[in-house]
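K.L.:
The structure is given below, and queries will be raised subsequently.
The values are calculated or read from the model by the stated rules, or taken from the named source; none is laboratory data. Because the structure is predicted, anything quoted here is derived from the model rather than measured. Cβ: placed from backbone, ideal geometry, glycine included. Neighbour counts: every protein chain shown.
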Amino acid sequence: MSSKSVHNVWRNVSKSWQSVATSGGAAGDTLPGMANRAGKTDVGSLSGAERDELLALRRQVRRQRAERDFLFQEQGISPTQRAILDATETLLANTSLNTLSVARIIAAAGVSRATFYTHYRSKNAAVVALLNRVFARIFDIIEPWLERDVNQAPDIALRAILSAAARIWAAHAPVLRAVQEGWPTVPEFEELWLSVMHRFRDALTAQIQVERRAGSAPAGAPADVIAVGLIWASERTFYISTRAVEPMLPDPTAAVEALMALWIPTIYAVPYTPPLTAPSA
């Protein structure tokens, strides 16, 4: 995209935002009860080509930011590193983090102790690398809600990303649960876990502000206050769903409806009505 084209796209977006802000929103609700608060990010002044270019630009910016922040990506992992990480995750399914040892990891991975320490200084460092790999996938799935079609109701995209997150949480429950339980006492885990939660918090804060400017979400408590509550509530909900201690949350998939019932009213100030037939996650 040329610099002139980018400038024209953003100029039109700016005009569209101003129009929405001054008119109180475009006609048409995306959620029941949202009359006079259109549930759309109105960029109607853009042509189809301009809109496609804008979305492509947004994706490129977010992708570059993710690559900068998460240098340790799957494509950069050697076969030996992958074997170590896969062995670590497999062992955590039946072994607590406290009893997990480097000796067991290298035996399962089929590598020498020297090879292990060439890549990771400790078992905790291997777990951190494994968690980076998991969260890189989770960050990828939040884009549909942040970049949803202007005519798509926010609950459709929100359900999609929560369902995708639930699948990832279920697939990697042992490592996620181990770090959730260990981060208050393990400095490496604390640094990573808090940085990830803060990144989710900041992304949600920005999205709530966007929704409010577009007229799809009402003004209310500070966006960052709402975001921090939703993010940590979601973290605990997914954690409990992997512990099999709450009958109403037997697994991460069951957490989706609970989180939808929390997020939709909190952000959009409308009641949430579950679908008659629960959609498959």
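K.L.:
From the set of residues in segment 236-257 that are surrounded by fewer than 17 Cβ atoms within 10 Å (Cβ to Cβ) and among the charged types (D, E, K, R), which is nearest to Ile168 (Cα to Cα)?
P.N.:
If we take residues in segment 236-257 being surrounded by fewer than 17 Cβ atoms within 10 Å (Cβ to Cβ) and among the charged types (D, E, K, R), then Asp251 is nearest to Ile168 (Cα to Cα).
K.L.:
Looking at segment 98-122, which of its residues are surrounded by fewer than 18 Cβ atoms within 10 Å (Cβ to Cβ) and part of a helix (DSSP H, G or I)?
P.N.:
Hits for segment 98-122 are Val102, Ala103, Arg104, Ala107, Ala108, Arg113, Ala114, Thr115, Tyr117, Thr118, His119.
K.L.:
Still on this structure, please answer the following. Scanning segment 153-196 for residues that are in a helix (DSSP H, G or I) and among the β-branched types (Val, Ile, Thr), which turns out modelled with the lowest pLDDT?
P.N.:
Ile156
K.L.:
Got a sec? Which of Thr266, Thr253, Thr205, Thr237 is of a type outside the set (A, V, I, L, M) and either more than 22 Å from Asp140 (Cα to Cα) or modelled with pLDDT under 90 (or both)?
P.N.:
Residue meeting the stated conditions: Thr266.
K.L.:
In addition: Criterion first (farther than 26 Å from Arg133 by Cβ and out of contact with any Pro (no Cβ under 7 Å at 6 or more places or on another chain)) does Val196 satisfy it?
P.N.:
no
For (1) free of Cβ contacts under 8 Å to residues at least 40 places away in the same chain; (2) under 14 Å from the mean Cα position of the chain (by Cα); (3) more than 26 Å from Ala244 (Cβ to Cβ), each residue gets a yes or a no:
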{"position": "Leu100", "(1), (2), (3)": "yes, no, no"}
{"position": "Phe135", "(1), (2), (3)": "no, yes, no"}
{"position": "Asp140", "(1), (2), (3)": "no, yes, yes"}
{"position": "Ala160", "(1), (2), (3)": "yes, yes, no"}
{"position": "Ser163", "(1), (2), (3)": "no, yes, no"}
{"position": "Ala173", "(1), (2), (3)": "no, no, no"}
{"position": "Pro187", "(1), (2), (3)": "yes, no, yes"}
{"position": "Val196", "(1), (2), (3)": "no, yes, no"}
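K.L.:
Out of (1) of a type in the set (A, V, I, L, M, F, W, C); (2) part of a helix (DSSP H, G or I); (3) farther than 30 Å from Ala126 by Cα; (4) touching a residue at least 60 places away in the same chain (Cβ under 8 Å), the odd one out for Val270 is which?
P.N.:
Of (1) of a type in the set (A, V, I, L, M, F, W, C); (2) part of a helix (DSSP H, G or I); (3) farther than 30 Å from Ala126 by Cα; (4) touching a residue at least 60 places away in the same chain (Cβ under 8 Å), only one is false for Val270: (2).
K.L.:
I need the full set of residues from segment 80-97 which are within 12 Å of Leu130 (Cβ to Cβ) and either among the basic types (Lys, Arg) or surrounded by fewer than 18 Cβ atoms within 10 Å (Cβ to Cβ) (or both), in order please.
P.N.:
Across segment 80-97, the qualifying residues are Arg82, Asp86, Thr90.
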